[in-house]
């Protein structure tokens, strides 16, 4: 029997890794790289085993506490995500993968445990066999992972192709079912890109996707043939905006945004960056240009944000244009920017009371935090507790059912990084912009 390894034992190994490879020759360095990779894979397998055991224990505890069966399992994936410094969504995927590997794909899991297969590659195999029966999935698992040499040297794409080939042979209709399910998941999303750009992504059935791209390319080819000096990519992007919005150019699309900046950035040409809600930090000059555009269109509303003089904490907002509840929600959105759960970063959907209202929690800025829908629901599970804590800025300490504590501090507003003396001479403003056509 092996002696039980504790978290403290594992923690003692971390400093040793800093000493690895210092005096090795090049052949030794390659050996170390391979061994470290195997340790990573084996560690991911250990995480999967622990995750499965943790879920089973938590579900039993929730059942013993009398939680209805339909609610059992709440908050478990979120705890996994927090422990692994991942978002709740990623925590859910890791939990699902761990359960599949431990119960349905024993050979894949054995390769991980031996340090020969990474969590990522195991997830590819799990994904490609998701719609097979348990017997069929285990057949693919054995065919690809019983012999460690089967996958040796294969790329990610080749592993996916092999799994698909076997899955299609075992169940020709599975691909059709999967395609139908995938079509139901079609959607459009947006995320920030560098240099004040953004990615607008459409997940479409392949026929529609190819048709959209072909139409944009055809329009670009026609305009280029007439002497248009824009690049093909620029024309395709501009055509997409025109067709979707009905406007001739992207800046003319009616949109309401909030821009937060210091008075010096707004008025005196200072270089302190601004924050565009829903995007993040933007250059000062770009922010001034956007404000100038809105001002020229008569679509700019300016409100002062009040900050604590020594910490830069955002503590209040001029609410001349808003009634109280809506104004408080607007303030929370401006202060927190994204979901306050550590490592989440999803858009704010709910304004949560860390101290619940039915427990005497007041509806104030101090006792409010912005959360995404998933994180707000997770903290309703038994054993979760959140409380405001004094700090440099608005701080919430969340305690999970296992007693682990996670701290979330609101991001600093523009200008908060200046010295205390300079801070008192700075004012911060929120500019509500409506860029009309």
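A short reminder: the numbers here are calculations on the coordinates, not readings from a lab. In this text the structure is predicted, and so the values were computed from the model without any measurement. So basically every Cβ, Gly included, is an ideal-geometry build from the backbone, and we count neighbours across all protein chains shown.
Structure above, values below:
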{"item": "Highest-MSF residue in the chain out of 406, 199, 279 [GNM, Cα springs under 10 Å]", "result": "199"}
{"item": "Cα shape, segment 1-62, gyration tensor, a/c 1.5 rule", "result": "prolate"}
{"item": "0 to 90° range, to nearest 10: angle between helix 7-17 axis and the chain longest Cα axis", "result": "80"}
{"item": "Contour minus Cα-Cα distance for residue 7 and residue 89 (0.36 nm per residue)", "result": "27.0 nm"}
{"item": "Cα gyration tensor, segment 24-183 - rounded (a/c under 1.5), prolate or oblate", "result": "oblate"}
{"item": "GNM result for the chain, Cα springs below 10 Å: residue of 77, 274, 365 fluctuating most strongly", "result": "365"}
{"item": "Acute angle (nearest 10 degrees) that the helix 88-104 long axis makes with the longest principal axis of the chain, alpha-carbon atoms", "result": "10"}
{"item": "Per-peptide average of other Cβ atoms within 10 Å, ordering 291-301, 99-109, 378-388, 25-35 highest first", "result": "99-109, 378-388, 291-301, 25-35"}
{"item": "Helical contribution to [θ] at 222 nm, DSSP H n ≥ 4, -39,500 (n - 2.57), averaged over the chain, rounded to 500", "result": "-15000 deg cm²/dmol"}
{"item": "Angle between the chain longest axis and helix 174-184 axis [Cα atoms, degrees, rounded to 10]", "result": "10"}
{"item": "Residue 357-residue 380 pseudo-label distance in nm [points 7 Å out on the Cα-to-Cβ vector]", "result": "1.3"}
{"item": "Distance between modelled label sites at residue 134 and residue 315, nm, 7 Å Cα→Cβ extension", "result": "6.0"}
{"item": "Segment 24-183: relative contact order in percent, alpha carbon pairs under 8 Å with at least 6 residues between", "result": "22"}
{"item": "GNM result for the chain, Cα springs below 10 Å: residue of 90, 335, 177 fluctuating most strongly", "result": "177"}
{"item": "Correct option for Kirkwood radius over Cα pairs in Å [calculated from the coordinates] among (i) 30.1; (ii) 27.1; (iii) 26.2", "result": "(iii)"}
{"item": "Cα centroid separation, segment 1-34 to segment 43-80 (Å)", "result": "31"}
{"item": "Two-site label geometry, residue 175 and residue 36: point separation in nm, points 7 Å out along Cα→Cβ", "result": "4.1"}
